[in-house]
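Chemist: Structure incoming, see below.
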Amino acid sequence: MKKTLMITLLSATALTLFATSADAVEKIDKTDVGVSFKSNDVNEIGDNKPFKDNLAVVWKPTSFEFGQQKAAAYSQVFSNTVGDSANNPQFVIVNDDRPDAKRTGKWDLKASLTNMKTTKEGSSVTLPSKLTMTLGGLQSYAIGNLLGPDQDYIAPYPTEVDKPDGTKKNITDFAPTGDLADFKLGDGAAGTDQPVELEAGGSAVNILGRDKNQTKGGFATKIKDVKLVVANANDAGAAGHEFAGQVIWSLNDTP
């Protein structure tokens, strides 16, 4: 009885409210709320497994990110916020584990940057930009011989120092130094830092290459001072947009 009475009273109240506000209009606006959680690792495993008995990119930077910026009518330069070249560096690492009979020619790693396109659905705005970076002088990487269930190498995360958890450094000075002459870094010598520039939507440029494949090994270059240079974000209509692109790493060998 009490439950029925309560329903009746509530319904009457609702009817009264409806009658006094029949002309009211509710107007809705929305504000997006989002959050994403990313790995702390600044490098990620390469896509070209298997690593055993193969030539492959073993490690590459996880991402390059440049934060939220204001569009301006002049050239702007934004620094990469991922990693730290001194304490948490990013690397590109190529490992050559091919049998002697297949290690007879040369190989090279190139990189290109796709167009930086807006992520806004229905829009075709592109950002006139380029990616600049410094390739650190060539270093050696030890992939080890630990095999996983798939009988492929379990490539240890690149580190230049011994870790408190017992992980030993696997990136060291390049040796033997006489072999440096067989390599090219960017468009220069492999023993010294080299600048690289990737134009958005442009052609691939040289990253790392070897003219003679006499020995197996892992070869690393530290990615430093990564910057995004934007020509004129204001004139491009970039305000209010987010932009995304990809660096394409292309590894080729010539018999």
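Chemist: Among Ala204, Ala24, Ala189, which one moves the most in a GNM of the chain with springs linking Cα atoms closer than 10 Å?
Modeler: Ala24
Chemist: Anyone know which of Gln194, Gln214, Gln68 comes out most mobile in the 10 Å Cα GNM of the chain?
Modeler: Per the Cα network of the chain with a 10 Å cutoff, Gln68 tops the list.
Chemist: Further, regarding this structure: Given the options Ser39, Ser63, Ser129, which has the most mean-square fluctuation in a GNM of the chain, springs set between C-alpha atoms less than 10 angstrom apart?
Modeler: Result: Ser39 has the largest fluctuation of those listed.
Chemist: Set Lys and Arg Cβ to +1 and Asp and Glu Cβ to -1, take the dipole of the chain about its Cα centre, and tell me which of Leu185, Gln151, Ile171 lies farthest positive.
Modeler: Gln151
Chemist: So how tilted is helix 2-20 from the main axis of the chain? Cα-based, degrees 0 to 90, rounded to 10.
Modeler: 90
Chemist: Another question about this same structure. Compare Glu160, Glu121 by solvent-accessible area with a 1.4 Å probe and give them largest first, with all protein chains kept in place. Could the numbers behind the result be given before it?
Modeler: Numbers: Glu160 55, Glu121 180 Å².
The most accessible residue leads, giving Glu121, Glu160.
Chemist: Calculate, for the chain, the solvent-accessible area per residue in square angstrom, rolling a 1.4 angstrom probe over the heavy atoms of the protein chains.
Modeler: Here the residues of the chain average 62 Å² of exposed surface.
Chemist: Using a 10 Å Cβ count of at most 10 others and DSSP loop calls, identify the longest part of the chain lacking such chymotrypsin sites (Phe, Trp or Tyr not before Pro).
Modeler: Counting at most 10 other Cβ atoms within 10 Å as exposed, the longest clean stretch of the chain is 75-255.
Chemist: With a ≥ b ≥ c taken as the square roots of the eigenvalues of the C-alpha gyration tensor of the stretch 162-255, please select rounded if a/c is under 1.5 and otherwise prolate if a/b is larger than b/c or oblate if it is not?
Modeler: Cα axes put the stretch 162-255 in the prolate bin.
Chemist: On to the next question. Quick one: give the max-minus-min coordinate of the C-alpha atoms of the stretch 64-109 along each principal axis, largest first, in Å.
Modeler: So the three principal-axis extents are 56, 27, 14 Å.
Chemist: So, one more: When a/c reaches 1.5 or more, the comparison of a/b and b/c decides; with that in mind, is the stretch 45-183 rounded, prolate or oblate per its Cα gyration tensor?
Modeler: Verdict is prolate for the stretch 45-183.
Chemist: In the chain, what percent of the accessible surface is made up of carbon and sulfur (1.4 Å probe, ligands and nucleic acids excluded)?
Modeler: 52
Chemist: What does the accessible area of Glu242 come to, in Å² to the nearest 10, when a probe of 1.4 Å is used?
Modeler: 130
Chemist: Same structure again: Calculate the all-directions average of the projected area of the chain's alpha-carbon convex hull, and give it in nm².
Modeler: Average of the hull's projected areas for the chain equals 25.0 nm².
The values are calculated or read from the model by the stated rules, or taken from the named source; none is laboratory data. On a predicted model such as this, the values are computed, not experimentally measured, just so you know. Note that we place each Cβ from the backbone using ideal geometry, even for glycine, and neighbour counts take in every protein chain shown. To get the accessible areas, we keep the full protein, side chains included, count just its heavy atoms, and leave off ligands, DNA and RNA. Shrake-Rupley method; radii C 1.70, N 1.55, O 1.52, S 1.80 Å.
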